[in-house]
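Undergrad: Sending over a structure as structure tokens; questions will come in a sec.
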Amino acid sequence: MNQRIVDHFKTSAETALASAELLADDILRASRAILETLDNGGKLLLCGNGGSAADAMHFSAELLVRFQKERKALPAVALVSDTATLTATGNDYDFDQIFSRQIDALATPGDHLVVITTSGNSPNILNAVQAARKKEGIGITALTGRDGGTLASMLDQGDCELRIPSDSTARIQEAHAIIIHCFCDLIDQHYCGEH
């Protein structure tokens, strides 16, 4: 049992380091796109399912409240947070539309959609990206894993995909959390004049 515990830490660290080497430039590019959105008065729209939904709420809270430094509150909406909207959409329409319906209503030009998915195959995430595409001027960043799933083929050159090099849901989620903290740190640096 002790060895299983050690193995969790070891494989997590290995995945994190491999992700850093593979994705550092893309994380910086995605951070710049997010900062451009915020600098220009746009907002972030965040979504995911299960643990990725929790990651979306985590990221939103870090922006709305604070990460490590005192700075102004930043506009971020976790599309997973409104239980009434989620259940009404699931009941009256379809669970596949729980995010796209909100994007139809809330997204405006200059906003940025961040989708978090370990598989890249969740229909409600794919529909969210399609809904964002129908709006003009919405940037997209996708945190994925495995082979990127169907989502990878939907992304354009201007979009950012941060694909964790792992097939393990747990390892992918752990690396996604580090990427979110990278975003938060770079945002802090930007707004605190330390970039």
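Undergrad: What is the distance in Å between the Cα centroid of the stretch 131-160 and that of the stretch 1-76?
TA: The stretch 131-160 and the stretch 1-76 have Cα centres spaced 17 Å from each other.
Undergrad: Which lysines have a Cα less than 30 Å from the Cα of K135, not counting those fewer than 8 places away in the same chain?
TA: Leaving aside lysines fewer than 8 places away in the same chain, those within reach of K135 are K43, K72.
Undergrad: With an 8 Å Cα cut-off and a minimum separation of 6 or more residues, compute the relative contact order for the chain in percent. Show your work: numbers first, answer last.
TA: Details: 317 pairs, mean separation 48.6, N = 195.
After rounding, I find 25 percent.
Undergrad: Once amide H atoms are built 1.01 Å from N in the peptide plane, which residues 5 or more positions from L45, or in another chain, come under 5 Å H to H?
TA: V77, H112, L113, V114
Undergrad: Could you run the Karplus curve 6.51 cos²θ - 1.76 cosθ + 1.60 with θ = phi - 60° over the stretch 106-116 and give me ³J(HN,Hα) per residue in whole Hz, x for Gly and Pro?
TA: My calculation for the stretch 106-116 gives 9, 6, 10, x, x, 6, 9, 9, 10, 10, 10 Hz in order.
Undergrad: Tell me, what HN-Hα J-couplings in whole Hz come from the Karplus equation 6.51 cos²θ - 1.76 cosθ + 1.60 at θ = phi - 60° for each residue of the stretch 80-85, using x for Gly and Pro?
TA: Along the stretch 80-85, the couplings run 8, 8, 8, 4, 4, 5 Hz.
Undergrad: Give me a comma-separated list of calculated 3J(HN,Hα) values for the stretch 130-142, in order, Karplus coefficients 6.51, -1.76, 1.60 applied at θ = phi - 60°, integers in Hz, x for any Gly or Pro.
TA: Running phi through 6.51 cos²θ - 1.76 cosθ + 1.60 with θ = phi - 60° gives 4, 5, 5, 4, 6, 8, 7, x, 9, x, 9, 10, 10 Hz.
Undergrad: Continuing with the same structure: Mind checking the dipole of the stretch 2-191: about its Cα centre, +1 per Lys or Arg Cβ, -1 per Asp or Glu Cβ, Debye to the nearest 20? List each step's numbers first, then the result.
TA: Numbers: 16 positive and 25 negative charges, 50 e Å.
Here the stretch 2-191 has a charge dipole of around 240 debye.
Undergrad: Under the classification rounded if a/c is under 1.5, otherwise prolate if a/b is larger than b/c and oblate if not, where does the stretch 86-151 fall, given a ≥ b ≥ c as square roots of the Cα gyration tensor eigenvalues? Could you put the intermediate results ahead of the total?
TA: Details: a/c = 2.37, a/b = 1.09, b/c = 2.17.
Here the stretch 86-151 falls in the oblate category.
Undergrad: Moving to a separate point now. Computed FRET efficiency, Cβ-Cβ of E136 and T83, R0 35 Å: what is it to the nearest 0.05?
TA: Values: r = 30 Å, r/R0 = 0.87.
Approximately 0.70, to the nearest 0.05.
Undergrad: With every atom except the alpha carbons ignored, what do you get for Rg and Dmax of the stretch 2-191, in angstroms?
TA: Radius of gyration, then largest Cα-Cα span, for the stretch 2-191: 16.1, 53 Å.
Undergrad: Treating cross-link reach as a plain straight distance, find the aspartates and glutamates whose alpha-carbon is under 19 Å from the alpha-carbon of K10, omitting any fewer than eight places away in the same chain.
TA: K10 reaches E21, D167, E174.
Every number in this text was worked out from the coordinates using simple rules, so none of it is lab data. These numbers were taken from a predicted model, which means no experiment stands behind them. Positions of Cβ are generated from backbone atoms using ideal geometry, with glycine treated the same way; all protein chains shown enter the neighbour counts.
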